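Shown next, in structure tokens, is the structure this report addresses.
The values are calculated or read from the model by the stated rules, or taken from the named source; none is laboratory data. Not measured: the values here are computed from a predicted model. Cβ: placed from backbone, ideal geometry, glycine included. Neighbour counts: every protein chain shown.
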Amino acid sequence: MNSIIKVENLSKVYKTFYALKDLSLDVMQGDIYGLIGKNGAGKSTLLKAISGIIPATYGSISIQNSQNEQQLRLSRKNMRFFIDKSLFPYLSAYENLSYRCKIDGIQNEKQEILRVLDALKLKNIKKPVKTYSMGMKQRLEIASCLMGYPDIILLDEPLNGLDPEGIHDLKNLIIDINKNYGTTFIISSHILSELEVMSTKFGFLDSGMLIKQLSHEDLEDECKQQLIVKADDTKKATIILEQILNTHNYSVNSNNEILLLDYVDEPQKVADALYENGLHLQKLHLNSITLEEFFLKMIGGKAND
């Protein structure tokens with residue numbers, strides 16, 4: 001799989017504040033790349049730099065293997081993005097998309113507009129955008145990104161304002177477009193449970209820096225199920241696990257809880273081994289780490305600090 005977006009040592013500095021700091025990442029062709037970070041971590045700034053809305057202070061961006069500024073500008077023509085609001089409130093959905101078609105040079109204007117309006121369930125709405133709910137406006141912004149089958153789509157918090165049905169429909173639409181057309185997505189969202197379902201790769205940002213990059217498979221390994229075991233003698237319990245249950249696949253946390261990755265389907269075997277060797281169980285339950293828990297574990301604090 002080829003790299004479609006390569007960011008190297010990127011920094012964006014406002015006076016003395018680093019919104020991005022020496023950030024490097026690779027997005028592969030066909031990825032749905034989920035950007036995860038607290039408010040102010042640099043997600044929107046990174047998307048704006050990739051799209052060309054703002055210039056970087058240091059570092060480089062290559063899109064579709066562009067080697068210079070002229071090639072980068074041409075490559076950005078194959079990209080659509082929803083980062084800042086771009087709708088005209090006094091125009092209808094159709095009229096807004098018609099304007100976008102002319103700006104982007106999209107052919108088969110009527111066919112494309114009707115296709116995306118139908119996909120986002122806006123086809124029969126004739127009212128001006130100023131009368132729309134927040135969720136309807138969000139869907140129209142996204143519709144404008146889908147016209148012309150772009151190679152790359154950047155979406156900054158696309159699920160904001162959508163009801164559960166709208167979130168479900170948009171998630172499935174993104175997965176469908178990615179699968180059927182090979183469209184590469186970079187998506188930031190604070191709804192991490194939905195990002196976890198959609199994304200093939202994850203980038204974790206904190207204070208303008210990329211602190212970790214994982215594939216979906218890597219994340220599954222990090223967040224896999226485990227048994228939480230707590231007994232009245234932690235040291236003896238670990239000896240029983242090793243010598244009787246023949247496992248070293250565990251760790252012990254600061255609460256003296258044993259995090260056991262084996263026997264997740266056989267907790268009774270663990271309980272029996274401990275009881276038979278004179279230990280009293282205080283806790284034994286199955287646990288799996290969510291994407292949000294994994295993120296908070298890495299950076300500490302609350303997701304929206």
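Across the range 146-157, a minimum of one residue is classified as of a type in the set (Gly, Ala, Ser) and closer than 25 Å to residue 31 by Cα. Quick one: in the range 70-99, of everything that is in a helix (DSSP H, G or I) and within 25 Å of residue 30 (Cβ to Cβ), which residue is nearest to the chain's Cα centre (by Cα)? Among those residues, the one meeting the criterion is 76. Screening the range 111-143 for residues that are among the basic types (Lys, Arg) and part of a helix (DSSP H, G or I) and picking the one that is nearest to the chain's Cα centre (by Cα) gives 139. For first residues located in the range 27-38 and outside the structural domain of residue 186 (by TED's automatic domain parsing), partners that are buried (at least 19 other Cβ atoms within 10 Å of the Cβ) and part of a strand (DSSP E or B) and lie 6+ apart or on another chain with Cβ distances below 8 Å do not occur. The residues listed here are 157, 217; of these, the one that is farther than 23 Å from residue 48 by Cα and acidic (Asp, Glu) is 217.
Would you mind stating whether residue 190 is assigned by TED's automatic domain parsing to the domain that holds residue 96 and free of Cβ contacts under 8 Å to residues at least 24 places away in the same chain? Considered against the rule, which asks whether it is assigned by TED's automatic domain parsing to the domain that holds residue 96 and free of Cβ contacts under 8 Å to residues at least 24 places away in the same chain, residue 190 comes out as no.
Out of curiosity, is residue 232 among the acidic types (Asp, Glu) and not assigned by TED's automatic domain parsing to the domain that holds residue 120? Considered against the rule, which asks whether it is among the acidic types (Asp, Glu) and not assigned by TED's automatic domain parsing to the domain that holds residue 120, residue 232 comes out as yes.
Keeping to the range 76-100, report how many residues are over 17 Å from residue 54 (Cβ atoms) and of a type outside the set (Phe, Trp, Tyr).
Step one: of the range 76-100, the residues over 17 Å from residue 54 (Cβ atoms) are 77-78, 80, 87-100.
Applying the additional criterion that residues be of a type outside the set (Phe, Trp, Tyr) yields 77-78, 80, 87, 89, 91-93, 95-98, 100.
Final tally of qualifying residues: 13.
When you scan the range 118-129, how many residues do you find that are more than 18 Å from residue 171 (Cβ to Cβ) and surrounded by 20 or more Cβ atoms within 10 Å (Cβ to Cβ)?
Taking the range 118-129 as the starting set, the residues that turn out to be more than 18 Å from residue 171 (Cβ to Cβ) are 123-129.
Among the residues that remain, those that are also surrounded by 20 or more Cβ atoms within 10 Å (Cβ to Cβ) are: none.
Residues in the range 118-129 being more than 18 Å from residue 171 (Cβ to Cβ) and surrounded by 20 or more Cβ atoms within 10 Å (Cβ to Cβ): 0 in total.
In summary, strands (runs of 3 or more DSSP E) completely within the range 144-224 and bearing 2 or more residues that are of a type in the set (A, V, I, L, M, F, W, C) and closer than 21 Å to residue 134 by Cβ occur at 152-156. Within the range 130-143, the residues that satisfy the criterion of being of a type in the set (A, V, I, L, M) and crowded, with 19+ Cβ neighbours inside 10 Å are 136, 140, 142, 143. Residue 194 - would you say it is charged (D, E, K, R) and surrounded by 15 or more Cβ atoms within 10 Å (Cβ to Cβ)? Here the answer is yes, as residue 194 does meet what is asked. Residue count for the range 1-26 satisfying the condition of being free of Cβ contacts under 8 Å to residues at least 12 places away in the same chain and of a type outside the set (S, T, N, Q): 3.
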